[in-house]
Amino acid sequence: MAETTLDLAGVAKPEAYAELVRQIDVVLEGIDDRIAAMATISSSIHSAMSYLWTGFYRVVVPGKLLRVGPYQGTLGCLEIEFGRGVCGTAAATGKTVIVDDVSAFPGHITCDPRSRSEIVVPVFDATGALLGVFDVDSEFPGAFDAHDREGLEAIMSWFSRPASGGIAPAATFTG
Ligand code: SME
């Protein structure tokens with residue numbers, strides 16, 4: 001495989017996400033396998049951005065329960081109920097949640113005490129059904145903003161393409 005690990009720490013977010021979208025699309029070309037995509041996306045973003053924890057929680061009981069999926073980082077908790085913590089809130093509402101200070105978020109679930117801020121993006125399939133959530137943790141407070149929301153939502157659109165055919169051009173991050 002020609003693609004190498006990117007180092008995008010310190011790169012402006014619009015350029016960083018454009019590069020991540022490009023890399024993920026290239027690596028996953030021709031692949032129709034959600035687990036392979038989750039593992040690849042987690043590794044690509046985690047390695048390039050040097051985050052604390054980067055990965056997926058999958059819906060195992062619709063409307064009720066998430067279970068950990070492919071991720072990079074220290075051990076994550078295994079199961080999260082809908083409505084609990086940041087992941088459960090994103091799952092219950094179907095909306096991206098950005099938390100600048102995890103200690104101020106009611107019900108935040110501490111997996112790694114070094115985590116200071118967090119973003120969780122819902123992941124939908126082509127029918128609009130919730131597949132899970134994508135969670136990124138940073139050891140820095142206020143690490144995530146609208147650029148991250150837009151960039152990560154664009155990357156998660158891979159899962160809502162018909163037959164998982166790649167990141168939608170219309171949703172591709174434009175900066
Ligand atoms: N902090 C998350 C739990 C998952 S871990 O951070 C990996 C939450 O409150 O949902």
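Each value in this text was obtained by applying a stated rule to the coordinates, not by laboratory testing. Since the model is a prediction, treat every value here as computed from it, not as a measurement. Note: ideal-geometry Cβ built from the backbone for every residue, glycine included; neighbour counts use all protein chains shown.
With Rg and the Kirkwood Rh both taken from Cα atoms, where does Rg over Rh land for the stretch 30-160?
Checking Rg against Rh, the ratio lands at 0.92.
Counting other C-beta atoms within 10 Å, and keeping those with at most 15, which DSSP coil trypsin sites (Lys or Arg not before Pro) do you find in the stretch 1-88?
Numbers: sites: ARG22, ARG34, ARG58, LYS64, ARG67, ARG84; in loops: LYS64, ARG84.
Within the stretch 1-88, the qualifying trypsin sites (Lys or Arg not before Pro) (loop, at most 15 other Cβ atoms within 10 Å) are LYS64.
Backbone geometry of the stretch 80-94 corresponds, through the Karplus equation with coefficients 6.51, -1.76 and 1.60 at θ = phi - 60°, to 3J(HN,Hα) couplings of 9, 6, 3, x, 9, x, 6, 5, x, 5, 5, 5, 5, 9, x Hz, x marking Gly and Pro. Sequence-ordered 3J(HN,Hα) estimates for the stretch 130-140 from the Karplus curve with 6.51, -1.76 and 1.60 and θ = phi - 60° stand at 6, 8, x, 9, 10, 10, 10, 10, 10, 7, 10 Hz, glycine and proline given as x. Dipole size of the chain about its Cα centre, with +1 on Lys/Arg Cβ and -1 on Asp/Glu Cβ: approximately 460 debye, rounded to the nearest 20. Mean-square fluctuations from a GNM of the chain, with a 10 angstrom spring cutoff on Cα atoms, peak among THR96, THR40, THR110 at THR110. The Kirkwood radius of the stretch 1-55, taken over pairs of alpha-carbon atoms, gives through the Stokes-Einstein law at 25 °C and 0.890 mPa s a diffusion coefficient of 212 µm² s⁻¹. Put simply, the amide H of LEU65, placed in the peptide plane, has neighbours under 5 Å in VAL60, PHE82, leaving out anything fewer than 5 places away on its chain. Indicate the gyration tensor shape class of the stretch 93-151 (rounded, prolate or oblate), computed on the Cα atoms with a ≥ b ≥ c the square roots of the eigenvalues: a/c under 1.5 is rounded; otherwise a/b larger than b/c is prolate and the rest oblate. Prolate is the answer for the stretch 93-151, as a/c is 1.5 or above and a/b outweighs b/c.
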